[in-house]
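Single-structure report; data block below.
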Amino acid sequence: MNLKKKLILIGICVAIILIVFMVNVMRRMKVEPEKEPVVVVKENIITRGEAYRLLSYLDYDKATRESLPIGFTYVNQNMSDWYDTYVNAVWKMGLIESNVTITPKEALTYGTCKILIDNLILKKTEYQNVYTGLSFEFTNAEEEMPIKEFVELYEAILAATLENQNPIQKKTLFVLGREVSEDGKDRMVTDSGKYYYLNAKNYETYYKQMQQTLSPTDNTSQENNLVSETDGNGEVVKSEAENKETENKDVENTQAENKVAENGGTEEVMADGKILPEAENISKESIASTFLDKGIHVLVRGQEIIYITSETVEKIILRNVWIQLGEGRMVDTFISGIHKNFDAKFSLSNDIEKVIGDITIEDRKVVQISVKPDLIHGKVLQTGEDFIEIEGYGKVPLEEEYKIYKIFGEITQELTGSILVGYEATDFVVSGGKISAALITESIKAENIRVLLKTTDFKSIYHDKVEFTSNSDFTVSSKEKETSYTAGEIVTVELGDEMLSDGRIKITTTSDQGKIQLLSVTRDSKNPKYRGNIEIAEGEKGLLVVNELPLEEYLYAVIPSEMPTYYGMEPLKVQAVCARSYAYKHLLANSLSEYGAHVDDSVSYQVYNNIAENEDSILAVKDTYGKVIKYEEDVITAYYFSTSCGHTTGVQSVWANGEATPYLSGKLMALEVDKEGTKEQLEIINSYQDLADEENFRSFLNEKEFETYDSEFNWYRWNVTIDAEDIKKTVDKTLLKRYNANPDLIQTMTKAPEDGKEAVFESIPIETVGDIEDVSVLKRETGGIISELLITGSKNTIKVKTEYNIRVFLAPTNSIVIRKDLSEVGDLSLLPSAFFVVDEKKEGGKLLSISLLGGGYGHGVGMSQNGVKALADTGKEYEEIITYFYEGTEMGFIYE
């Protein structure tokens, strides 16, 4: 064959090979156009992503971690949905830089780990000795790090964490099942509640290896150091060490499970280059299903499982379980919010039904039930963290694993603290002198409310002494004694008084029309008189005084204290419905149960009896009897305030934990434009829909022609000039107090902005900012309200969050506030509102004073009381006014 033919044949062969290759490529692209390459994960080597996940729990809980902004780029973008929350937390802790590219699957090396932990030690000095006593050294910076050794290091970090600062806990959980939460995340249902576990790992194998390395002669798990529990008869349950030889685990399955979890459960898993066959059927749910009806030792932060350290083989005692029915070898229970059937190892000695008991589980079978049949019943007077005070029984301590069940209708397990003070709708199961469980037997008709009465000028909840009388005959009674008094007699009770030796005392009038007058308290220059009864109890720092009375009668004295009764009947009806809704929500929330009350009588809730009831306030309450505001069948918290700046704001813009709510979203309170309204009016209205912009809000405050429903009231516009020295005094005086109230809301600059990077702020306690150098707005929200203020001082710069803190720090205590009508108001301990703009006066670079132009009085959420007056003056009735302020709501009734 000549050369030419050979070249032709070679060319044809090459062409065929290329065609086949291209066809295969095209076929593969067509069938699998977006398939990710198989990720190879080396067995027993910790990934960087897993290391970041574990470290993030040291500083961040689930909610806080997930709220952090994304600050990284990823090689594998498909991993970012689970990976970024952890890596951002580690960046926020200052352990890694934000401008790096992160490879989630890259194995952690000793060198990388050393850098991370060294950075952690710089941040928290208590970790400086974590390397001491480890069974390994950081020898080769490029060498990959075994999971076993990182877990050992992690345990050393936890051991070094100060006990009162360690948010990570070791717990033993009994797995009852799994559920999907409202946010679509899997949760493991256990006897101790419900736990998120999506990225949790089972590290039992590595704990065994670690323990063997640390103690070669000891084959027991470190969990064996836990104190053994006892069964209901005091018999010691076998420890894990005694039962360890009976344990039979599938280690390969556990390791495969770990690999799937590390890969997000979506990719093929390789171990030493081989596919693990078990991995194909393992999913995220397998951790819950693998340990179903078993006990596990875990590390948790809040309601999130970090990882599993081992499975327990000792008996598990489920405390204070609602047993719906037990017969034969079947036990039907309700626990942690789910119905759960157990098989008994042997037949029950007798049938049981609707009781509370402790259930002992061994090898997934019930081996013992201890029923608790003793019940007590009475009016709940006070609830604490470790006791409930019940009328006739005093303060009864709670068991550590005390439970609350609602047993009427569909059974539910309630949150601790849901036992409503002032009512008798609950039976209490008692064992060994302690309350094991509370059984709510009927729905609450919120007819009575309990009000914590403060001292004169609302300065404190604790009274040094209580002096009282009545306009009718009255009695003073305790648990063991009752004394009668005639109308007008004066009784004085002081801390340590003999009358309090039996616990709290109760003052009751003999006439339904009788009122109790507190002579040791002043309201509006008078001694207030109260309907209902008065209770006095000893508190931590003095005497606590609680007024219990019907909810409707409570409102008689709320309305005149919150709104001038000369405003007219329609505004008073609006106030009655709002006040009733507000009180009802706090009543059911048991807001002050630790003091034996639902609300107090100050601006912290609703002002009560600062101005006495009158005929108009009583009529407004009676005309709206039982009416409340509802949104989607739920009674709303009907926030209200004095005067708007012309625009209300959203609840999330005012309170740190406020969640955006449709009926409390904020609105421009422009006067209605009739059909003849000009185009110019509509354009002005549209231009002021968004007041979060600084210049637009300044223009709005200075607008002279534009009218809203609050325009005619004095607090609609105000201005004040405050000396820099006065601001310094106020800030220094209140700085630590406000920080201690909520550290997250007072943040100090720890790193100034540079090279295009933003400043770094941290919540740390400081005593002063030094001389005030600058005051500026950092963040403005719906309606123009300021939610973040920057105060720059010669020593520190602080970021102040929430309108209340801002109003405190800029309180015009030594300045005169000039209102719209040029009237002057002094001695204010709080700035009228956080709707203002700032202008500074400086001389030679030194700040001399700031001038504030503002609008409105109050927090600005919900209903403007003066706006109600203006709307009523246009002829609108109370129900229409209510829906104007709370859009999308409707009227409801609470006494059905």
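The values are calculated or read from the model by the stated rules, or taken from the named source; none is laboratory data. In this text, all values refer to a predicted model and were calculated from it rather than measured experimentally. Cβ sites come from the backbone with ideal geometry, for glycine too, and all protein chains shown count toward neighbours.
Observations, loosely collected:
- Sole residue being assigned by TED's automatic domain parsing to the domain that holds Glu410, touching a strand residue (DSSP E or B) at 6+ places or on another chain (Cβ under 8 Å) and among the acidic types (Asp, Glu), chosen from Glu391, Glu353: Glu391
- Taking the listed residues Ser815, Ser851, the one that is in contact with a strand residue (DSSP E or B) (Cβ under 6 Å, 6 or more places away or on another chain), among the polar types (S, T, N, Q) and surrounded by fewer than 16 Cβ atoms within 10 Å (Cβ to Cβ) is Ser851, with no other qualifying.
- Matching option when the condition is aliphatic (A, V, I, L, M) and under 22 Å from Pro564 (Cβ atoms), among Val837, Val825, Val800: Val825
- Residues in the stretch 435-459 that are among the polar types (S, T, N, Q), closer than 30 Å to Tyr625 by Cα and touching a strand residue (DSSP E or B) at 6+ places or on another chain (Cβ under 7 Å) were compared, and the one that is surrounded by the most Cβ atoms within 10 Å (Cβ to Cβ) is Asn448.
- Residue-level analysis places Gly855 outside the set of residues that are at positive phi and small (Gly, Ala, Ser).
- Residues (surrounded by fewer than 19 Cβ atoms within 10 Å (Cβ to Cβ) and either of a type in the set (Ser, Thr, Tyr) or over 20 Å from the mean Cα position of the chain (by Cα) (or both)) located in the stretch 47-68: Thr64, Ser67
Yes/no per residue for (1) within 20 Å of Arg523 (Cβ to Cβ); (2) crowded, with 21+ Cβ neighbours inside 10 Å:
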{"position": "Glu570", "(1), (2)": "no, yes"}
{"position": "Gln575", "(1), (2)": "yes, yes"}
{"position": "Ala583", "(1), (2)": "yes, yes"}
{"position": "Ala597", "(1), (2)": "yes, yes"}
{"position": "Asp601", "(1), (2)": "yes, yes"}
{"position": "Asn609", "(1), (2)": "yes, yes"}
{"position": "Leu619", "(1), (2)": "no, no"}
{"position": "Ser644", "(1), (2)": "no, yes"}
{"position": "His647", "(1), (2)": "no, yes"}
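- Given (1) more than 30 Å from Gly568 (Cβ to Cβ); (2) charged (D, E, K, R); (3) without any contact (Cβ under 8 Å) to a residue 24 or more places away in the chain, number of the condition Glu824 does not satisfy: (1)
- Residues satisfying the stated conditions in the stretch 638-654, i.e. over 18 Å from Ser581 (Cα atoms) and touching a strand residue (DSSP E or B) at 6+ places or on another chain (Cβ under 8 Å): Thr643, Ser644, Cys645, Gly646, His647, Thr648, Thr649, Gly650, Ser653, Val654
- Screening the stretch 154-189 for residues that are of a type in the set (S, T, N, Q) and in contact with a strand residue (DSSP E or B) (Cβ under 9 Å, 6 or more places away or on another chain) and picking the one that is farthest from Val300 (Cα to Cα) gives Ser181.
- The residue pairs whose first member lies in the stretch 354-369 and is closer than 18 Å to Val313 by Cβ, whose second member is surrounded by 21 or more Cβ atoms within 10 Å (Cβ to Cβ) and among the charged types (D, E, K, R), and whose beta carbons are closer than 6 Å, counting only pairs six or more residues apart or on different chains, are Thr360/Lys315; Glu362/Lys315.
- Residues of the stretch 356-388 satisfying the condition of being assigned to a loop (DSSP other than H, G, I, E, B) and either in the same structural domain as Gly328 (by TED's automatic domain parsing) or over 30 Å from Ile296 (Cβ atoms) (or both): Asp363, Arg364, Pro373, Asp374, Gly378, Lys379, Gly384
- Residue satisfying condition, being in contact with a helix residue (DSSP H, G or I) (Cβ under 9 Å, 6 or more places away or on another chain) and among the aliphatic types (A, V, I, L, M), within set Ile335, Ile305: Ile305
- Taking (1) over 21 Å from His598 (Cβ atoms); (2) more than 28 Å from the chain's Cα centre (by Cα) in turn, Ile390 satisfies each apart from (1).
- Subset of the stretch 398-415 that is under 26 Å from the mean Cα position of the chain (by Cα) and over 12 Å from Leu439 (Cα atoms) - its residue that is modelled with the lowest pLDDT: Leu415
- Only a single criterion out of (1) more than 26 Å from Glu540 (Cα to Cα); (2) assigned to a strand (DSSP E or B) is not satisfied by Phe408, namely (2).
- Residue match in the stretch 465-474 (condition: outside the structural domain of Leu398 (by TED's automatic domain parsing), among the aromatic types (Phe, Trp, Tyr), surrounded by 20 or more Cβ atoms within 10 Å (Cβ to Cβ) and out of contact with any Leu (no Cβ under 8 Å at 6 or more places or on another chain)): yes
- Unmet requirement for Val558, which otherwise passes all of (1) buried (at least 23 other Cβ atoms within 10 Å of the Cβ); (2) in contact (Cβ under 8 Å) with a residue 60 or more places away in the chain: (2)
- Residue within the stretch 864-873 that is farther than 30 Å from Glu725 by Cα, of a type in the set (Val, Ile, Thr) and either under 31 Å from the mean Cα position of the chain (by Cα) or modelled with pLDDT of 95 or more (or both) present: yes
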